[in-house]
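Report on the following structure.
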Amino acid sequence: MEGLEKIEYKPVSVRDLLVEMKDLSELMIDLAYSAALFHSDELAKEVLELEKRVDTLAYILDMNAMLAARDAEDAESLVGVSKVAAATNKISDAAADIAAIVLQKIDIHPVVREAFEKVEERLGRAEVKPNSIIAGKRLGDLELAAKIGVDIIHIRRGKQCIINPNEDETIVEGDVLIVRGAPFGVEELEGLANGTVREFEGRSI
Amino acid sequence: MLFRKHFKKIVNKLVELKDTSELMMDLAYSSLLLNSRELAEEVQELEEHVDSLHTEFELLVLSSGFKPEESKDFLGLIRLGVVTEKIADAAAEIAEVVLRGLEPHPVLKLVIEEAEETVTRARVSKKSSLTGRSLRDAEIPEETGMWVLAIRRGKRWIRPQPKTVIKAGDVLIASGYAEGEEDLLKLASGTSKFSS
């Protein structure tokens with residue numbers, strides 16, 4: 001069992017913490033179902049990574065909420081915030097449960113996949129290798145959505161999470177990209193990130 | 001063949017569990033955003049519904065007559081069912097904040113508005129192209145990417161059905177990615193027409 005991250009108080013706004021927890025927990029549910037449907041250990045492991053992040057955020061949020069209460073009225077109003085944070089944490093736990101099913105090699109019947117696939121979109125995970133042609137590029141310059149129909153919905157950089165990165169974000173070697181798009185585009189993006197695809201839209205960039 | 005039919009039932013039940021638990025999350029956040037007891041009560045009722053759905057689902061799985069070597073596949077199904085129930089529980093806990101009469105902290109409203117997936121409300125004006133159309137014909141998800149969760153008509157809440165006809169003055173509660181919010185507001189206010 002890996003050691004748990006040591007928790008230290010950091011002054012972060014409760015609002016920023018809760019927005020991140022809510023976004024992450026919802027992303028995790030989508031990722032977890034995708035992991036189950038596509039038998040993807042990689043996606044499942046990513047869910048477990050994010051789960052650790054949400055746990056840490058939950059601790060920091062509670063500490064900040066405690067410090068924000070000056071009187072009984074504050075406490076009454078902040079307990080709701082704490083409850084909602086606990087609920088988002090529970091959702092991320094549920095996503096981790098799905099990931100665990102995948103990693104324990106418990107299969108989910110293929111018929112379930114047909115029923116769950118509402119849209120022609122899938123999620124993918126790609127790690128940016130040193131020789132990738134997208135390393136060092138600004139998202140705004142890559143125009144992935146226009147060119148291959150793929151959105152980067154999340155970047156994990158070590159312990160840092162960048163949800164819905166904006167166009168000024170630059171991709172760095174080692175980044176884990178979570179993408180959403182048509183299956184073909186997702187595969188192309190995976191190739192671009194791991195360095196096996198050296199051309200982009202038929203030309204080098 | 002018989003087995004296939006039974007299996008179809010299992011899958012349908014699981015899809016219903018998954019969809020209901022996700023609807024509950026959206027409704028729970030909506031109840032916070034609007035500080036609405038009615039929506040929160042709706043979540044609590046759905047929670048009871050999910051409990052019975054979950055039991056029916058488990059009974060279906062257990063009575064499917066699987067072979068010992070298939071038991072692992074079916075364990076996967078059972079576990080997925082447990083997860084959807086856990087999500088439903090989390091939604092019910094959020095709704096409970098409203099039902100306990102705690103005034104939601106202003107920060108919660110900001111969080112829901114700022115998050116990637118948001119809930120929003122839009123009042124339908126007389127000149128909106130939605131007025132007089134059924135939800136099926138209105139194609140709101142196709143036009144805006146937003147799903148209608150509930151409709152407020154006067155003092156009543158309506159659970160949307162495909163055949164529900166939208167009336168001027170209705171307030172639509174919808175969820176989706178934040179980008180769709182503006183499109184929905186435009187569509188409901190009548191400042192944008194259908195693209196078709």
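The values are calculated or read from the model by the stated rules, or taken from the named source; none is laboratory data. All figures in this text were calculated on a predicted structure; none of them were measured in a lab. Reconstructed Cβ throughout: ideal geometry from the backbone, glycine too, with neighbour counts over all protein chains shown.
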Query raised in the report: Do you know which residues across region B:31-49 are within 13 Å of chain A (Cβ to nearest Cβ) and assigned to a helix (DSSP H, G or I)?
Result: B:Ser31, B:Leu32, B:Leu33, B:Ala40, B:Val43, B:Glu47
Requested in this report: Give me the pairs, please: first residue somewhere in region A:1-20 and within 14 Å of another protein chain (Cβ to nearest Cβ), second residue anywhere and part of a helix (DSSP H, G or I) and of a type in the set (S, T, N, Q), beta-carbon distance under 6 Å, and either six or more positions apart or on two chains.
Outcome: A:Val14/A:Asn64
**Report entry** Test set (1) touching an Asp or Glu at 6+ places or on another chain (Cβ under 6 Å); (2) within 14 Å of chain B (Cβ to nearest Cβ) - A:Thr56 fails condition number
**Finding:** (2)
Report summary line: Flagged in region B:8-21 as under 15 Å from B:Arg159 (Cα atoms) and acidic (Asp, Glu), in numbering order, are B:Asp19
Query raised in the report: Looking at (1) at the interface with chain A (Cβ under 10 Å from one of its Cβ atoms); (2) surrounded by fewer than 17 Cβ atoms within 10 Å (Cβ to Cβ); (3) closer than 30 Å to B:Val171 by Cα, can you tell me which one B:Ala88 breaks?
Result: (2)
Query raised in the report: Just checking, how many residues over region B:35-62 are at pLDDT below 90 and of a type in the set (D, E, K, R)?
Result: 5
Requested in this report: Take B:Ala115 and decide whether it is facing another protein chain (nearest Cβ under 10 Å) and either more than 23 Å from the chain's Cα centre (by Cα) or closer than 29 Å to A:Glu73 by Cβ (or both).
Outcome: yes
Report summary line: Considering region B:113-134, residues that are in a strand (DSSP E or B) and of a type in the set (D, E, K, R), and then whichever is modelled with the lowest pLDDT, we arrive at B:Glu117
Query - Lone qualifier among B:Ser21, B:Ser71, B:Ser36 - being buried (at least 19 other Cβ atoms within 10 Å of the Cβ) and either without any contact (Cβ under 8 Å) to a residue 12 or more places away in the chain or over 25 Å from A:Met28 (Cβ atoms) (or both) - result: B:Ser36
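State yes or no: is B:Leu102 within 14 Å of chain A (Cβ to nearest Cβ), among the aliphatic types (A, V, I, L, M) and outside any helix (DSSP H, G or I)?
yes
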Query raised in the report: For A:Val172, which of the numbered conditions (1) under 24 Å from A:Leu50 (Cα atoms); (2) surrounded by fewer than 19 Cβ atoms within 10 Å (Cβ to Cβ); (3) modelled with pLDDT under 90 fails to hold?
Result: (3)
Requested in this report: Name every residue in region A:1-36 that is hydroxyl-bearing (Ser, Thr, Tyr) and not in a helix (DSSP H, G or I), in order of residue number.
Outcome: A:Tyr9, A:Ser13
